[in-house]
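To start, the structure under review is shown below, and the notes come after it.
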Amino acid sequence: MKKSYFKVDPWKIIKNGFDEAHVTSCESIFSLGNGFMGQRANFEEQYSGETYQGSYIGGVYYPDKTKVGWWKNGYPKYFAKVLNAPNWIGINIKIAGIPLDLNRCIEVSNFRRELDMKRGIYKRSFKLKISTDIQVAVNVTRFLSMVESSLGVINYQITMLKGNAEIEIDSFVDGDIRNYDSNWDDPFWDHKTKIISEELLLLQSKTFKSNFDVATYAQTQLFDNNGLSIGNFTITEENQVISQKKKHNMAEGDSCTILKFGGYINGMNHNFNEFKNIAQKIVSRAISNGFDKLAEEHIQSWNEIWDQSDIKIKGDDKAQQAIRFNIFQLNQTYNGADARLNIGPKGFTGEKYGGSTYWDTEAFCLPFYMATKNQNVARNLLKYRYDQLGKAIENAEKLGFTDGAALYPMVTMNGEECHNEWEITFEEIHRNGAIVYAIFNYERYTGDKSYIPEMGLEVLIGIARFWAQRVNYSEFRKAYVILGVTGPNEYENNINNNWYTNFICHWCLKYTLEQIVRVKDQFLNDWEVIKSKLNWKDIETDQWKDIIDKMYFPKHPYQDIFLQQDNFLDKNLMPASAINKDQRPINQHWSWDRILRSPFIKQADVLQGFYFFEDQFDKDSLERHFNFYEPLTVHESSLSPCIHAILAMRLGKKDKAYDFYLQTSRLDLDDYNNELEEGLHITSMAGTWLSIIEGFGGLRVINDQIHINPKLPDAWEAFSFKINFRGTIVKVEASKEKITVKHNNKDLIVYCNGSLINSN
């Protein structure tokens, strides 16, 4: 059920009024990140109400011992958890000896949160009645620098509205933190050393088991009414908390400003022995530049990001706010600078799903980064999987596969499988196909012919070897079948012959064969290296060809419809609209047994195949399958509405596509799934971008040519976007009256609604 907590604004997310019930949800919505680290929108000052504290560092995780499934051989030994890192933002305040605590003060008024997405800055302001004699106003500004990846900045201003009082400031780094998503409540951090001075707080820590070195640092300044620095902080240490403390007398009408710099230095990039010097240099530069200059640099970086990735919508502020929120979070989560990092479903906004890599990256996120960044960013996403090929082969070996067969994990941080559900880990093997599709999609879009001979073909062959061993030949059907799988629709487990899985297996084998021929022909030296490295035997392709020729695809006995899996028609088919509203979402109300027996589909399954491979199915076929499967779909995966929006637009169902767009784009803003407090749905946000670019924009790449067919929802007056296609910026502007497409590459072939667009 949709909820509207936030004011509609084209560039901002605004929440007026303080409501304790919304605190954890707002912590998710107002999260900040810079591709290196992220921070939920926790209060700086102490808060005695319910809160979900979370600070996260890219690539840093803990192998939390699996809690269930120990009786099943091959079960992953751990579930990788993104770690709640030591807290650097803390600024506890006492006024006249009374803690500034929004949960305990006499009265909170004028409370406001604001996320300025254009500038990448989060603001919070409120007035507090501390006692009958004392009232204060607080204004807080926070950002995580897009220029200096290890730097976060807080400007915390207190104004005495009524009364005179002594304020006590306790600015601290806290290592005594916990993970909310821990299986066993184990401590994750081993704090090694502390550096405490008036100039710097630094906590040097190492993760248990995974042995990541991290330094959490902070430095605090205090300024009076006139902007003059007030020094002489007291330095304290208590357990795992190190503090800079200061008392300051304030009269009615006075203001003071606390300026705090802090963040993390990651041992993945720096030597442990260098942490102190690096932190000191960051702090020194920050102090020298001051808040305004740091903010200016940060804003300029965001201006450059928005210049390429913004989508402008005229006439529909709700849709405009939503797409910008999605684009903003994607850019906060990943920037492609480090091929060791990837995109977790929650990004830097929560701990659910372990913060790990899923097939979401290849299936949904890659197109966004291909079109809005330079080619190397997308290439790094593919390199991430190439670098983990050895682990994928090991993962397959644990399940009994041999000879270089590769099964990429459903969930991973370092290439090892670390999911904690048997059905997902062992049955949802279609994720292998998404990785192959991403390689295909990358080359199709970028024109980069070097990736496959350099890296990609090894991945393709490893996956093809897996498929060749995972199928079995059915004497009954005289065809190859794939048994015991889970398709994209996770409301079906351990089924036989999921159509999508069978189809993508068939396509992967065919595509790999094509690439082997091409590499042999055009990159013979690379092929010789690959042959030797993979112990290649030409006879392997004979089996692959046989599977391609004899793959089984389940079909409806009297309708021209592919069945989601064998025996799908045994279910009592009824539309999702027949479910009582008070039973939605069904995953929060029904037993798992009831869900498995029902006909209801979590997300696009057969239709996922029609989306990926639309060139292989005509419009009539798509319409038959859409009309059959969409009514059965409950869209309880965040990855569902976007695919249906794109397909609906292909069918000319504009109103339905628009409804799906609002559902995917405002999934978090309107908390459709009642789980906002757990973090945002980052990877589905790329699907939101796709629903506009490929849905309403009609963008396709066909035979090295761009085809654009924009169609506006009735609610929109106009929309525009840019894409970076093979180093050329293509600008699209569409209104109800006209469509304009601009680019400056005379060699690029662009069609708009079937007409050739020349360079301009």
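The values are calculated or read from the model by the stated rules, or taken from the named source; none is laboratory data. This structure is a prediction, so every number in the text was calculated from the model and none was measured. Cβ sites come from the backbone with ideal geometry, for glycine too, and all protein chains shown count toward neighbours.
Figures for the structure shown
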{"item": "Selection within segment 249-301 - more than 29 Å from the chain's Cα centre (by Cα) and free of Cβ contacts under 8 Å to residues at least 24 places away in the same chain", "result": "Asn273, Glu274, Asn277, Lys281, Ser284, Ser288, Asn289, Gly290, Asp292, Lys293"}
{"item": "Residues of segment 245-259 that turn out to be buried (at least 17 other Cβ atoms within 10 Å of the Cβ) and among the basic types (Lys, Arg), as a count", "result": "1"}
{"item": "Some residue of segment 264-273 being loosely packed, with under 13 Cβ neighbours inside 10 Å and either under 23 Å from Ile196 (Cα atoms) or touching a Cys at 6+ places or on another chain (Cβ under 7 Å) (or both)", "result": "yes"}
{"item": "Residues located in segment 207-245, provided they are part of a loop (DSSP other than H, G, I, E, B), of a type in the set (D, E, K, R) and under 22 Å from Ile258 (Cα atoms)", "result": "Asp224"}
{"item": "Flag for Asp526 being of a type in the set (D, E, K, R), in contact with a Pro (Cβ under 6 Å, 6 or more places away or on another chain), over 20 Å from Phe610 (Cα atoms) and touching a residue at least 60 places away in the same chain (Cβ under 8 Å)", "result": "yes"}
{"item": "Failed item, numbered, when Ser131 is tested on (1) modelled with pLDDT of 95 or more; (2) in a loop (DSSP other than H, G, I, E, B); (3) among the hydroxyl-bearing types (Ser, Thr, Tyr)", "result": "(1)"}
{"item": "Residues of segment 620-663 that turn out to be in a helix (DSSP H, G or I) and closer than 23 Å to Pro367 by Cα, as a count", "result": "20"}
{"item": "Residue check for Ala215: surrounded by fewer than 13 Cβ atoms within 10 Å (Cβ to Cβ) and either on the phi > 0 side of the Ramachandran plot or modelled with pLDDT of 95 or more (or both)", "result": "no"}
{"item": "Where a residue in segment 566-583 is within 11 Å of Thr633 (Cα to Cα) and among the small types (Gly, Ala, Ser) and its partner, wherever it lies, is modelled with pLDDT of 95 or more and part of a loop (DSSP other than H, G, I, E, B), with Cβ under 6 Å and at least six apart", "result": "Ala576/Phe600; Ala576/Val634"}
{"item": "Tally, over segment 176-199, of residues that are under 12 Å from Leu83 (Cα atoms) and either β-branched (Val, Ile, Thr) or in contact (Cβ under 8 Å) with a residue 60 or more places away in the chain (or both)", "result": "9"}
{"item": "Filter pass, Val459 being in a helix (DSSP H, G or I), among the hydrophobic types (A, V, I, L, M, F, W, C) and in contact (Cβ under 8 Å) with a residue 40 or more places away in the chain", "result": "yes"}
{"item": "Residue satisfying all of: in segment 160-198; surrounded by fewer than 16 Cβ atoms within 10 Å (Cβ to Cβ) and among the acidic types (Asp, Glu); modelled with the lowest pLDDT among these", "result": "Asp185"}
{"item": "Residue in segment 675-688 that is surrounded by fewer than 24 Cβ atoms within 10 Å (Cβ to Cβ), of a type outside the set (Gly, Ala, Ser) and in contact with a Gly (Cβ under 6 Å, 6 or more places away or on another chain) present", "result": "yes"}
{"item": "Filter result (among the acidic types (Asp, Glu) and under 22 Å from Arg431 (Cα atoms)) within segment 587-608", "result": "Asp605"}
{"item": "Residue match in segment 152-168 (condition: of a type in the set (Val, Ile, Thr), part of a loop (DSSP other than H, G, I, E, B) and within 27 Å of Leu128 (Cβ to Cβ))", "result": "no"}
{"item": "Entirely in segment 713-756, the strands (runs of 3 or more DSSP E) that have 2 or more residues that are crowded, with 17+ Cβ neighbours inside 10 Å and free of Cβ contacts under 8 Å to residues at least 60 places away in the same chain", "result": "728-735, 739-742, 750-752"}
{"item": "Set Arg666, Arg624, Arg650: member being more than 26 Å from Tyr500 (Cβ to Cβ) and out of contact with any Lys or Arg (no Cβ under 6 Å at 6 or more places or on another chain)", "result": "Arg666"}
{"item": "Subset of segment 268-312 (residues that are out of contact with any strand residue (DSSP E or B) (no Cβ under 7 Å at 6 or more places or on another chain) and not in a helix (DSSP H, G or I))", "result": "Met268, Asn269, His270, Asn271, Asp310"}
